[in-house]
Ligand code: LLP
């Protein structure tokens, strides 16, 4: 397993993160356990800050909350001077409860509700990214009723097929998101938005997909978007000042993944922007990017305890851990690949090939297919790396498993930032109707 951030193997042969021995973390907090490396998150935030905000000057970096949204995460982002994007009332509520400045919040989503939109207007979020005609008129009506003018970006689908899993591609024409750029729909959307009294159209947004390694996809995106912004200017005389390029910068999960450097990403955007603006004689807009995965992905590690082991001679050896697709559905959903090591025996050489499965009641509940590990024993601790993005945020209570807790480690300290769920939490919203209570009593 490649080590990330502050991960190291200490003298006892244990995996250490943020100065905390993971074997001790397990004694204190149990498994499964998500561990987030605070110094690593801050380091990446700073790389984004220096490459984009300082490097490109007129630029903003907003973290895509969907990757990992908790109170503590929003405080770190605020301290690191980044903005955020949110896609639901729930993410907005969490950010506001964390005292995150509303002006640095962008609100996305293809089906925002009336309640969510009015919550956002009331809170004074910085930008609402309008996705469709239904939302556009609802937003204008709401803003009018609330006697406020709302700053918006319009989301377009630029027709770019980024090389990534089809479920996380979003720039192609056949997409549920945004106004199609190539068939005149986006033109209509801008014309309509400009005619609405309570919407102030600041700019344009696109997101071409996620886990993208080819910087060329972003270069292409910049070019298409600047061409289109120039087009709007020519057609309507209206000048858009903001270009939001979405997120999508890929990260390392397992061998073979070769992500670019954040500074190269920034340089690609910068160069593409200069070229495109020069070609079109278009004034350079403010650039906004929305990284999610690349800010938290490699900063997260999940610790599990190994339980049953099943060997089918000549076929496969299944090593089962005390979590699975309920805390990490990405292998089942996207054929995601992960690396792992035995956190309690991290110095030992690999001896066998095994597959890591979870404890959910279905065969698709796999975490890692075919990984080299030392001879694994029940009771060993398995650390799976790069689980910081889209793991906790996509976790479920499938099979009524309780969600693991999240611990933030830094300089030898470990703070619980999300409590482990209990069985009682599972019943928090269950209600037994009176007639069923009666039947239950009667049947005894
Ligand atoms: N902005 C918008 C509008 C997005 O839709 C997304 C991700 C991002 C930014 C952040 O993209 P990132 O930098 O994290 O790649 N659950 C999937 C990923 C879905 C991403 C959805 N949108 C996964 O686990 O791979």
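List of remarks:
- Answer from 211, 223 - the residue that is within 30 Å of residue 384 (Cα to Cα) and either within 12 Å of the ligand (Cβ to nearest atom) or in contact (Cβ under 8 Å) with a residue 40 or more places away in the chain (or both): 211
- From the options 288, 251, residue that is part of a strand (DSSP E or B), crowded, with 20+ Cβ neighbours inside 10 Å, modelled with pLDDT of 95 or more and within 16 Å of the ligand (Cβ to nearest atom): 288
- For residue 358, the conditions (1) more than 19 Å from residue 2 (Cα to Cα); (2) under 24 Å from the mean Cα position of the chain (by Cα); (3) away from the ligand (no atom under 16 Å from the Cβ); (4) in contact (Cβ under 8 Å) with a residue 40 or more places away in the chain all hold with the exception of (4).
- Extreme residue, surrounded by the most Cβ atoms within 10 Å (Cβ to Cβ), among residues of region 149-167 that are touching a helix residue (DSSP H, G or I) at 6+ places or on another chain (Cβ under 6 Å) and modelled with pLDDT of 95 or more: 154
- Residue count for region 308-321 under the criterion of being more than 24 Å from residue 16 (Cβ to Cβ) and touching a residue at least 24 places away in the same chain (Cβ under 8 Å): the result is 6.
- Count of region 254-268 residues which are more than 14 Å from the ligand (Cβ to nearest atom) and crowded, with 21+ Cβ neighbours inside 10 Å: 1
- Candidates 435, 428, 444: the one that is more than 22 Å from residue 324 (Cβ to Cβ), loosely packed, with under 10 Cβ neighbours inside 10 Å and modelled with pLDDT of 95 or more is 428.
- In region 51-68, the residues that are in a helix (DSSP H, G or I) and either surrounded by 24 or more Cβ atoms within 10 Å (Cβ to Cβ) or out of contact with any helix residue (DSSP H, G or I) (no Cβ under 8 Å at 6 or more places or on another chain) (or both): 52, 53, 54, 65, 67
- Any chance residue 271 is modelled with pLDDT of 95 or more and either crowded, with 16+ Cβ neighbours inside 10 Å or within 16 Å of the ligand (Cβ to nearest atom) (or both): no
- In the condition set (1) away from the ligand (no atom under 16 Å from the Cβ); (2) in contact with a strand residue (DSSP E or B) (Cβ under 9 Å, 6 or more places away or on another chain); (3) closer than 29 Å to residue 157 by Cα; (4) in a helix (DSSP H, G or I), residue 39 is compliant with all but (3).
- When region 194-217 is filtered for residues that are within 15 Å of residue 159 (Cα to Cα), surrounded by fewer than 24 Cβ atoms within 10 Å (Cβ to Cβ) and in contact with a helix residue (DSSP H, G or I) (Cβ under 9 Å, 6 or more places away or on another chain), only 216 remains.
The values are calculated or read from the model by the stated rules, or taken from the named source; none is laboratory data. Note that the structure is predicted; figures quoted are calculated from it, not measured. All Cβ positions, glycine included, derive from the backbone under ideal geometry; neighbour counts span all protein chains shown.
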